Amino acid sequence: MLDDLDRRILRLMQSDPDLAIPHLADQLGLTTSRLSRRLDRLREDGVLKGIRAIIDWRALGYEVEVSLRVTLDKTQTRAFDDFIEAARAIPEVIEIQTFLGRVDVRLSVIARDMAHYQDIYRTSILTLPHIADIEALMLVASVKANESLPL
């Protein structure tokens with residue numbers, strides 16, 4: 001699906017996402033029109049899903065991240081759908097993952113401090129539907145958080 005040129009384009013975009021298309025084309029030895037056609041194809045193929053800003057939530061005053069492992073009451077037919085819909089509405093939930101196994105869902109929750117987390121937990125998390133069990137894991141350190149792919 002990807003050829004060597006596609007991989008080079010993606011590697012450069014990962015290493016310097018702010019690089020303007022003319023500069024990227026220069027580094028690749030391409031014309032801007034040829035690079036633009038390649039980028040359009042990568043978007044059409046679903047390889048490139050867009051460009052996004054990565055915001056450091058700590059710089060905005062959030063100091064606490066908690067990972068919540070949730071087991072749902074699967075006797076309820078809409079347990080997953082209802083839970084996920086309600087969890088999406090909580091602004092401090094920055095990630096939702098579903099799993100097969102004992103744990104059904106993992107939520108990443110950020111808060112300004114422990115008092116703020118406790119408020120979110122009591123007023124928002126515990127009111128989510130169909131929770132059978134919940135376990136909180138406090139993040140101590142993020143050892144690796146690299147979104148670049150090995151291309």
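The values are calculated or read from the model by the stated rules, or taken from the named source; none is laboratory data. Every value quoted in this text rests on a predicted model; they were computed, and no experiment measured them. Cβ placement follows ideal geometry from the backbone for every residue including glycine, while neighbour counts extend to all protein chains displayed.
When residues in the stretch 3-27 are screened for being out of contact with any Ser or Thr (no Cβ under 7 Å at 6 or more places or on another chain) and in a helix (DSSP H, G or I), 15 of them pass. Only one of the listed residues (LEU107, LEU100, LEU149, LEU68) is in contact with a Leu (Cβ under 9 Å, 6 or more places away or on another chain), at pLDDT below 95 and not assigned by TED's automatic domain parsing to the domain that holds MET13. That residue is LEU149.
Assess whether ILE90 counts as being of a type outside the set (D, E, K, R), free of Cβ contacts under 8 Å to residues at least 60 places away in the same chain and in contact with a Ser or Thr (Cβ under 8 Å, 6 or more places away or on another chain). Yes. Among the residues making up the stretch 18-47, a single one is touching a residue at least 24 places away in the same chain (Cβ under 8 Å) and loosely packed, with under 12 Cβ neighbours inside 10 Å: ASP45.
Every residue, every condition in (1) at pLDDT below 95; (2) among the basic types (Lys, Arg); (3) outside the structural domain of ILE110 (by TED's automatic domain parsing), yes or no:
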| position | (1), (2), (3) |
| --- | --- |
| MET13 | yes, no, yes |
| ASP16 | yes, no, yes |
| LEU19 | yes, no, yes |
| HIS23 | no, no, yes |
| THR32 | no, no, yes |
| LEU35 | no, no, yes |
| ARG38 | no, yes, yes |
| ARG52 | yes, yes, yes |
